[in-house]
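The values are calculated or read from the model by the stated rules, or taken from the named source; none is laboratory data. As the structure is a computational prediction, the values presented were derived from the model and not from experiment. Here Cβ is always computed from backbone atoms with ideal geometry, including for glycine, and neighbour counts include all displayed protein chains.
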Amino acid sequence: MRQSRYFIQTMREIPSEAEVISHQLMLRAGMIKKVAAGIYDYLPLGLKVIRKVENIVRENMNKAGAVELLMSVVQPAELWQLSGRWNHFGKELLRFKDRGERDFCLGPTHEEVITDIVKSQVNSYKQMPVTLYQIQTKFRDEVRPRFGLMRGREFIMKDAYSFDIDDAGADISYQKMYDAYRSVFNACGLRHKVVDADTGAIGGSFSHEFMVLADTGEDAVMSCTKCDYSANIEKAQVVDNGEKETVELSPLEEVATPDKHTALEVAEFLGVDIKHVPKTMIIRCEGVMDGKEEKTIFVACMVRGDHEVNLTKVKNIVKAKSAEFAEHYEVQDMTGCAVGSLGPVNMPLKVYVDNALKYVSNIVVGANKESYHIKNVNLDRDAKIEGYFDIRNALSGDKCPLCGAEYEETRGIEVGHIFKLGTKYSESMGAKALDKNGKNIPIVMGCYGIGIGRTAASAIEQNYDESGIIWPKAVAPFEAVVVPVNTNDEEVIKKADEIYECLLNMGVDVLIDDRNERAGVKFNDADLIGYPLRVSVGKKTLSDGKVEVLIRRTKEVILIDADNSAAEKI
Ligand code: ATP
Ligand code: MG
Ligand code: MG
Ligand code: MG
């Protein structure tokens with residue numbers, strides 16, 4: 001590719017809207033352009049990286065025996081009603097009506113659509129196992145789209161779905177995807193870790209997340225200090241639930257809740273949606289109440305979806321592991337105290353809540369009055385929160401379930417996620433097949449996602465320096481750039497062209513920066529964009545029969561003979 005005919009616009013300034021390095025550098029290198037919050041155009045350089053990641057993913061999916069298809073972006077509400085998720089998915093699901101007032105959504109994920117396909121096409125164990133995948137645009141109306149491609153609203157995902165007649169088969173399909181994911185991230189040149197994950201809102205029986213290790217990662221990775229085991233923060237019994245819903249704030253309402261004791265009972269009785277409530281919450285209160293100094297940690301039991309809460313464990317962790325908490329605070333168990341309890345609303349104490357609670361709106365709390373609760377409590381508005389604290393620090397001392405050693409917390413970026421779903425969707429949507437004995441039974445499923453754009457962005461988070469990006473070769477937009485240094489010197493131009501052509505013929509994905517620009521400008525751009533190799537052809541070195549090769553990662557410079565086989569030596 002000749003840069004004079006290509007489309008690259010770099011920028012010097014650090015764009016103010018970009019908080020993380022990958023976002024800054026992708027904008028500065030002219031790889032993406034913002035269209036709206038969380039929605040980006042992929043400019044040619046950015047698209048090249050996206051395609052490289054896609055191809056690595058595709059190759060490994062095919063190798064694992066998965067079969068590619070392409071499903072529609074627009075999905076009818078009926079399928080989501082059948083699975084039961086139309087009412088439960090929340091605002092991330094972008095819904096709209098067509099001209100005939102029929103409900104549709106933009107696919108945030110494709111379990112419903114794929115299950116419907118398999119339901120209509122597969123009716124016997126003989127047609128399984130089968131794993132189908134696509135690489136396609138998803139839409140999730142994220143509350144806080146940010147960090148460029150890292151957390152977009154419109155983004156490209158590879159999603160795969162496996163179908164087996166029984167559990168044992170499903171486990172094999174799962175393992176194949178697990179192995180394929182490792183190959184994908186290794187091939188992309190990314191340092192990563194596989195963590196045991198909670199199955200969350202999507203449901204299912206077990207799950208792993210693939211985390212690219214980077215200090216700027218949004219996720220905590222809990223790694224055992226002795227063995228190989230790692231878990232995500234939820235699995236390690238911690239509480240961060242993610243995102244704050246933007247909801248209408250309703251007035252407080254005191255309601256009678258006779259004979260309702262557990263959180264679930266109260267929630268059901270009041271008909272409140274508890275899907276977005278964390279599993280456990282921890283509130284720290286301090287101050288003077290009734291003339292008495294109060295320093296209390298409330299461990300409150302929350303229920304989300306159909307999850308079990310291991311409250312005792314959380315309590316013990318708080319007690320045993322956090323020197324700060326256990327020494328100075330009284331720990332109070334608030335199990336069964338309803339959907340949440342902050343004690344009396346407007347309590348005259350300093351109240352700190354763990355980070356996870358920042359995201360919770362319109363909750364129900366105990367009214368401090370028997371058989372009554374208060375609805376529509378919003379922490380910011382009603383509880384006089386003095387601050388938030390990160391409970392994860394307190395909980396990171398939890399023990400490894402395999403060997404009992406301590407955890408160590410590092411940061412990571414969730415680039416891939418695999419789930420064994422079991423029969424959740426096949427049962428609700430009626431996808432059944434005949435087993436060997438002629439019995440019609442629900443198909444056992446798995447689902448497997450990789451964020452393509454997020455993977456590209458995470459490669460930058462792991463590989464950059466003060467001058468710009470340092471692409472791993474496999475996902476670099478170009479593997480090498482040839483820079484004619486003196487653009488008015490015929491011999492230089494000729495040699496640069498020759499090397500460029502030669503590299504092209506050798507199958508190297510190479511760019512020649514043939515712009516009529518100063519060498520400094522070209523070098524700065526090459527460093528910023530981060531091609532793994534830069535070959536500079538300059539008058540000075542050429543007079544000694546040499547060209548210069550710069551290795552971007554190490555900044556090492558090698559002089560090689562500018563003879564006919566120069567390209568081969570590169
Ligand atoms: P997160 O916890 O970061 O919100 P998720 O758990 O909701 O991600 P999954 O439903 O597991 O995401 O989707 C599979 C993969 O899709 C993720 O592992 C991630 O790589 C990617 N992904 C999810 N949401 C986004 C997004 N908003 N922007 C870019 N990639 C995303
Ligand atoms: Mg998400
Ligand atoms: Mg996640
Ligand atoms: Mg996930």
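If the condition is being touching a residue at least 24 places away in the same chain (Cβ under 8 Å) and over 46 Å from the mean Cα position of the chain (by Cα), then the range 541-561 contributes only 542. In the range 147-164, the qualifying residues are those that are more than 13 Å from the chain's Cα centre (by Cα) and crowded, with 24+ Cβ neighbours inside 10 Å, and the one that is farthest from residue 215 (Cα to Cα) is 163. Of the helices (runs of 4 or more DSSP H) contained entirely in the range 12-119, those carrying at least 3 residues that are farther than 21 Å from residue 423 by Cα and among the hydrophobic types (A, V, I, L, M, F, W, C) fall at 21-28, 44-63. Within the range 116-133, is even one residue out of contact with any Pro (no Cβ under 6 Å at 6 or more places or on another chain), over 19 Å from residue 432 (Cβ atoms) and crowded, with 17+ Cβ neighbours inside 10 Å? Within the range 116-133 (the criterion being out of contact with any Pro (no Cβ under 6 Å at 6 or more places or on another chain), over 19 Å from residue 432 (Cβ atoms) and crowded, with 17+ Cβ neighbours inside 10 Å), the answer is yes, since at least one residue qualifies. Would you call residue 568 without any contact (Cβ under 8 Å) to a residue 60 or more places away in the chain, farther than 22 Å from residue 52 by Cβ and surrounded by fewer than 19 Cβ atoms within 10 Å (Cβ to Cβ)? No: the conditions fail for residue 568. The set of residues from the range 250-260 being surrounded by 13 or more Cβ atoms within 10 Å (Cβ to Cβ) and either part of a loop (DSSP other than H, G, I, E, B) or at pLDDT below 85 (or both) comprises 252, 257, 260. If I filter the range 14-67 down to residues being surrounded by fewer than 16 Cβ atoms within 10 Å (Cβ to Cβ) and modelled with pLDDT under 95, which single residue comes out as nearest to residue 527 (Cα to Cα)? Here the answer is 14. Among the residues of the range 421-457 satisfying the criterion of being within 16 Å of ligand 3 (Cβ to nearest atom) and not in a helix (DSSP H, G or I), which is surrounded by the most Cβ atoms within 10 Å (Cβ to Cβ)? Taking the candidates together, the pick is 450.
Hydrophobic (A, V, I, L, M, F, W, C), at pLDDT 90 or above and under 30 Å from residue 18 (Cα atoms) - does that describe any residue in the range 426-449? Within the range 426-449, not a single residue is hydrophobic (A, V, I, L, M, F, W, C), at pLDDT 90 or above and under 30 Å from residue 18 (Cα atoms). Being at negative phi, modelled with pLDDT of 85 or more, crowded, with 20+ Cβ neighbours inside 10 Å and β-branched (Val, Ile, Thr) is a property that holds for residue 212. Taking each residue of the range 411-432 that is within 25 Å of residue 190 (Cα to Cα) and looking for partners that are acidic (Asp, Glu) and part of a helix (DSSP H, G or I) with beta-carbon atoms closer than 7 Å, six or more apart or interchain, yields 413/461. Taking the range 531-570 as the range and being basic (Lys, Arg), within 30 Å of residue 31 (Cα to Cα) and in contact with a Leu (Cβ under 6 Å, 6 or more places away or on another chain) as the test, only 534 passes.
Restricted to the range 488-570, the set of strands (runs of 3 or more DSSP E) holding at least 2 residues that are at pLDDT below 95 comprises 556-561.
I'd like the residue in the range 217-237 that is in a strand (DSSP E or B), within 15 Å of ligand 1 (Cβ to nearest atom) and not aliphatic (A, V, I, L, M) and, out of all such residues, is modelled with the lowest pLDDT. That would be 232. Can you confirm whether residue 413 is within 21 Å of residue 228 (Cα to Cα), within 16 Å of ligand 3 (Cβ to nearest atom) and either at pLDDT below 95 or surrounded by 22 or more Cβ atoms within 10 Å (Cβ to Cβ) (or both)? Taking the combined requirement at face value, the residue satisfies it. Residues in the range 165-197 that are surrounded by fewer than 21 Cβ atoms within 10 Å (Cβ to Cβ), within 16 Å of ligand 3 (Cβ to nearest atom) and in contact (Cβ under 8 Å) with a residue 40 or more places away in the chain: 193 only.
Of the listed requirements (1) over 25 Å from residue 132 (Cβ atoms); (2) more than 16 Å from ligand 1 (Cβ to nearest atom), residue 433 misses just one: (1). Filtering the range 161-172 for residues that are among the aromatic types (Phe, Trp, Tyr) and within 16 Å of ligand 4 (Cβ to nearest atom) leaves a non-empty set. Residue check: residue 119 meets all listed conditions (1) in contact with a Gly (Cβ under 7 Å, 6 or more places away or on another chain); (2) within 16 Å of ligand 1 (Cβ to nearest atom) but one, namely (2).
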